[in-house]
Amino acid sequence: MSVPTFDIQRARYETPGVAHVRHFNNAGAALMPTPVLQATTTYLHREAEIGGYETADEYADVLAAGYVSAARLVNARPDEIAFVENATRGWDLLFYGLAATLRPGDRILTSRSEYVSNVIAFLQVAERTGARIEVIPCDETGQVDVAALVAMLDHRVKLVAITHVPTNGGLVNPAAAIGQVTRAAGVPFLLDACQSVGQLVVDVDHIGCDMLTTTGRKYLRGPRGTGFVYVRQQTMANLVPPFLDVHAATWVAADRYQVRSDARRFENWETNYAGKVGLIRAIDYALEWGMPAIETRVRALATTLRQALADIPGVTIQDLGIDPCGIVSFTHQRVTADAIMQHLAAQRINVTTSSPFGTRFAMEARQLPMVVRASVHYYNDDAEIAQLVGAVAELVHEKAS
Ligand SMILES: Cc1ncc(COP(=O)(O)O)c(C=O)c1O
């Protein structure tokens, strides 16, 4: 198989932030590329020049094409896409819509690496409805154990909700294998793809999920406060958002309303149009690079980083799974994650830490304290990786002497 070449010079040229920082916080918010920045600011300027509604009219084609682009990115249909303000709000709209039908004793199956906000929503809904939340065990690699999932399925399971790539490390859960099982069982499958869309090839047909949520600012490199959801057409009819507005539904008679038939029933009438246009540009930009090429480069950089960090005495790589992705997590036996982050920040190297609070099921089961999270993107290069690794090595050496 030939390895696609990547025009790293162009990627860096189009990323103004690389002149200021070594950015390894792409799982937090990636550096925006120039085309995204320009699309967003040009839109805002236009609003100031001719008016907000008038600008939206002028951009009608761009806004409509955004659904086609987002659909292409995840291999869906444009009418299965809704733009939302972030991954959590999109996930909430889907989950609370589904939760309206839950009865006492119904079961929701989730992963050990589920994101904090999703679990808080599970707990609230369990309290309100009497439904039960159950965590699917992991296999020996730390991925969702698909055989265990099969054994847990019965007629009371009303949802399988999984995080594809967790916030705290490089684990990639076996989404397609889970999708095969949920499809066969006829159980809805909600995939939190917040950390995977934009760094990995994500194909809803191949995965077989019924719903997917993601955000704009992370691996897609869009503006903050943006995201989108996917809802399979067949799932739509039985899934009504917990709240509706004039965009999501039509007031057809004095005593009647009609919910729209496409995924835009999960959108708001009023929204941040400049952000939406920026996200659409970010999606097109990712498509221009090509997701297979992005995934290959991100994985290669992450492998280089993991190997170099693992050579530092006292460092343990904490990523689970068979084939970890661009999120690299590690600890040191004596130096705290916070001290490492501060030391790197002083040298303008951006990493972050993941606390047990973000993925409590996983971190408690593994008895992990805070970990350092260094998440690479395709615009990072080997020189930056060497600087990050050198700075960590310098700190731990200092502390040891
Ligand atoms: C796995 C996962 N899901 C959901 C979210 C929430 O995304 P947002 O902040 O866009 O709502 C995050 C954010 O870090 C995440 O890592």
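The values are calculated or read from the model by the stated rules, or taken from the named source; none is laboratory data. All values reported here derive from a predicted model rather than from experimental measurement. Side chains included, ligands, DNA and RNA excluded: accessible areas come from the protein's heavy atoms. Shrake-Rupley method; radii C 1.70, N 1.55, O 1.52, S 1.80 Å.
Data overview
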{"item": "Heavy-atom accessible area order for HIS164, HIS45, largest first, 1.4 Å probe", "result": "HIS45, HIS164"}
{"item": "In sequence order, calculated HN-Hα J values of the range 32-44 (Karplus, 6.51, -1.76, 1.60; Hz; x Gly/Pro)", "result": "6, x, 3, x, 6, 4, 5, 4, 5, 6, 4, 4, 4"}
{"item": "Most fluctuating residue given options ASP381, ASP61, ASP210, as computed from a GNM of the chain linking Cα atoms under 10 Å", "result": "ASP61"}
{"item": "Within a Gaussian network of the chain (alpha carbon springs, distance under 10 Å), most fluctuating of TYR59, TYR219, TYR378", "result": "TYR59"}
{"item": "Computed lengthening from GLN234 to ALA185, 0.36 nm per intervening residue step minus Cα-Cα distance", "result": "16.1 nm"}
{"item": "Radius of gyration and Dmax over the Cα atoms of the range 192-266, both given in Å", "result": "15.0, 48"}
{"item": "Estimated vicinal HN-Hα couplings, Hz - the range 79-96 in sequence order (Karplus 6.51, -1.76, 1.60; Gly, Pro = x)", "result": "7, 9, 10, 10, 8, 9, 7, 5, 5, 5, 5, x, 4, 4, 4, 6, 5, 5"}
{"item": "Å³ per residue enclosed by the Cα convex hull of the range 299-401", "result": "97"}
{"item": "Hull volume in cubic angstrom per residue (convex hull over the Cα atoms of the range 341-401)", "result": "107"}
{"item": "³J(HN,Hα), Karplus 6.51/-1.76/1.60, whole Hz, each residue of the range 300-311, x for Gly, Pro", "result": "5, 5, 5, 5, 4, 5, 4, 5, 5, 5, 5, 7"}
{"item": "Within the chain, percent of DSSP bridges classed antiparallel, to nearest 5", "result": "55"}
{"item": "Size-normalised alpha-carbon gyration radius of the range 136-175, reference 2.2 N^0.38 Å", "result": "1.23"}
{"item": "Largest-first ordering by accessible area, 1.4 Å probe, given options THR101, THR296", "result": "THR101, THR296"}
{"item": "15 Å tail of the calculated P(r), the range 129-204, as % of Cα pairs", "result": "55"}
{"item": "The range 245-282 versus the range 73-126: alpha-carbon centroid distance in Å", "result": "19"}
{"item": "Volume per residue of the C-alpha convex hull in the range 1-90, rounded to whole Å³", "result": "177"}
{"item": "Scaled radius of gyration (Cα, divided by 2.2 N^0.38 Å) that the range 23-174 gives", "result": "1.35"}
{"item": "Cα-based shape type of the range 107-237, given that a ≥ b ≥ c are square roots of the gyration tensor eigenvalues and the cut on a/c is 1.5", "result": "rounded"}
{"item": "Probe 1.4 Å - accessible area at LYS158, Å² to nearest ten", "result": "70"}
{"item": "Percent of Cα-Cα distances greater than 33 Å, calculated over the chain", "result": "34"}
{"item": "Theoretical ellipticity at 222 nm over the chain - DSSP helices of four or more residues, -39500 (n - 2.57) apiece, nearest 500", "result": "-13000 deg cm²/dmol"}
